[in-house]
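Peer 1: A single structure is presented below for examination.
The values are calculated or read from the model by the stated rules, or taken from the named source; none is laboratory data. Computed from a prediction, not measured in an experiment: that's the story for all the values here. Note that we place each Cβ from the backbone using ideal geometry, even for glycine, and neighbour counts take in every protein chain shown.
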Amino acid sequence: MLEDQRPGSVYWIDHYVVGTNDLDRWMDFHERILGARPYGQVDERRQIGAFQKLTHCHHGGFVQKNPLPATRGLGKECPRYGFFTRQEDIDGHLRRLDQHQVPHSDPIHTSAEGEDGTVIYWEDPDGNEFEFWAPVHLPPGAMDDCGPLKVGRISHGVYESRDLQRTADFYHRFCALDPNQSSDIPGNTLVLPLAGGARDVYRQAEELGRRVGGRGEWRGLHAALVVRDEDYLPSYRRMWGELSEWEFDREKGLLPEAPERLPARTALHGSAAGRKFKEVYGRGDDFYDWDMNSFHFVGGVPERSSMAVYEARTMEFHMQQLLESQGQGGALPREMPA
Ligand SMILES: [Fe+2]
């Protein structure tokens, strides 16, 4: 089934970026709670942020100039990210959360997102919200390389939508995903199973929260969705054919006017490779859904013939490959992945 998907299907969440007001605190916290390990470069002046390795995924904490808003609380704030865990390890995760005085919920058995399992909601010191998700049935690859703290790969992202049908149409068209039809899912929730076994979840909201990436207020908040590497450019081309480009440069620090009224769109990815990408293709590789949630694609090459575990090919990889094919190897400056 894993290998028999529509072209352009999203398989996994490769990484996400959240905001922080104290990078050293953020790095230390996630080392202790997720078992995160160093990954890539950390800017020595502590002004941009850092990435950390998590199983086969990674995540980022980007330093925000302004204080992040108060969180709306456990299981409420969006975007929110979950991690696969095993049912037999739930007590161990609770003990670790308590040991480090992390605000968390009790374990809750639920099938409200279409699968049976147990969830624990918790938050980091910047008010970013997370979940440990222990499903009854773990998908292949979920716990691969999970490390001594037994935290698996990113299991889901939770976002807000003002129109769930419009969001479902967006995912159907551009991510080749369709809603989970389980009768356990409440009417205010859209669950989009990803081909690898993770999911994206949208909650109906009248007004969108402060932490959503497309407000332009916060640097770099986004998630990366994995498609097969051969679908990487075709997926963008499909999007570019139907969505307009947002001429917004997040690095210039100008806030867009009324971003909540903007349609789904693509935009410049503010890294050196992103600028090169836009120069080559005339379009950006960031994209926004109808509710300011920010994403980009990552290509995945199956390991051992299965997308259960993949080798990630980022936009930086694709741009470097393109430049080398044009005899311009090494033309991209070294920088943090984005
Ligand atoms: Fe990214």
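Peer 1: For residues that are of a type in the set (S, T, N, Q) and buried (at least 17 other Cβ atoms within 10 Å of the Cβ), tally how many sit in the stretch 158-173.
Peer 2: Residues flagged as of a type in the set (S, T, N, Q) and buried (at least 17 other Cβ atoms within 10 Å of the Cβ) within the stretch 158-173 amount to 2.
Peer 1: Are there strands (runs of 3 or more DSSP E) fully within the stretch 73-146 with at least 3 residues that are in contact with a Phe, Trp or Tyr (Cβ under 8 Å, 6 or more places away or on another chain) and over 22 Å from L221 (Cβ atoms)? List them.
Peer 2: Here the list reads 117-123.
Peer 1: Please work out which residue is surrounded by the fewest Cβ atoms within 10 Å (Cβ to Cβ), limiting yourself to the stretch 138-157 and to residues that are among the hydrophobic types (A, V, I, L, M, F, W, C) and closer than 12 Å to A198 by Cβ.
Peer 2: Restricting to residues being among the hydrophobic types (A, V, I, L, M, F, W, C) and closer than 12 Å to A198 by Cβ, the top hit is L138.
Peer 1: Now for a separate question. Give the residues of the stretch 1-47 that are closer than 30 Å to D98 by Cβ, charged (D, E, K, R) and modelled with pLDDT under 90, sorted by residue number.
Peer 2: R46
Peer 1: Output the residue which, of all residues in the stretch 265-311 that are of a type in the set (F, W, Y) and away from the ligand (no atom under 14 Å from the Cβ), is modelled with the highest pLDDT.
Peer 2: W290
Peer 1: Now a separate question. Can you tell me which residue among A258, A223 is of a type outside the set (D, E) and within 16 Å of the ligand (Cβ to nearest atom)?
Peer 2: Every option except A223 fails the conditions.
Peer 1: In the stretch 36-64, what residues are among the basic types (K, R) and either touching a residue at least 40 places away in the same chain (Cβ under 8 Å) or outside any loop (DSSP other than H, G, I, E, B) (or both)?
Peer 2: R37, K53
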